[in-house]
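These notes concern the structure reproduced below.
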Amino acid sequence: MSSQRWQREMHHLFHDVLSLLRHREAVRRMREDPALVQRALATLRRWKLTVDPRSLPLLLECGVVHGVQHPVEVEPENHR
């Protein structure tokens, strides 16, 4: 494997791990303070109203367009 390819893969891995850690921290905080769940849901609903078509796939992942899911229950698969 070339050095550039390895660096690129490590860069992506780093960002994947960072994203997972951020998600877990958000879930932890929502479990501690249920008011944060309502705040997150309100934000997702607002985003749904103003979504740019290019961002639609990201909102679909969150369940915003087809019915908002409870964020605390939506944890990444295989990472519990």
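Neighbouring Cβ atoms within 10 Å as the yardstick, rank His23, His12 fewest first.
Ranked by crowding around the Cβ, least crowded first: His12, His23.
Going by neighbour counts of Cβ atoms within 10 Å, the residues Ser3, Ser55 line up, fewest first, as Ser3, Ser55.
Relative to the current alpha-carbon distance between Arg28 and Arg8, full extension at 0.36 nm per residue lengthens the span by 4.2 nm.
Every number in this text was worked out from the coordinates using simple rules, so none of it is lab data. Everything quoted here is computed from the prediction, not taken from an experiment. Cβ sites come from the backbone with ideal geometry, for glycine too, and all protein chains shown count toward neighbours.
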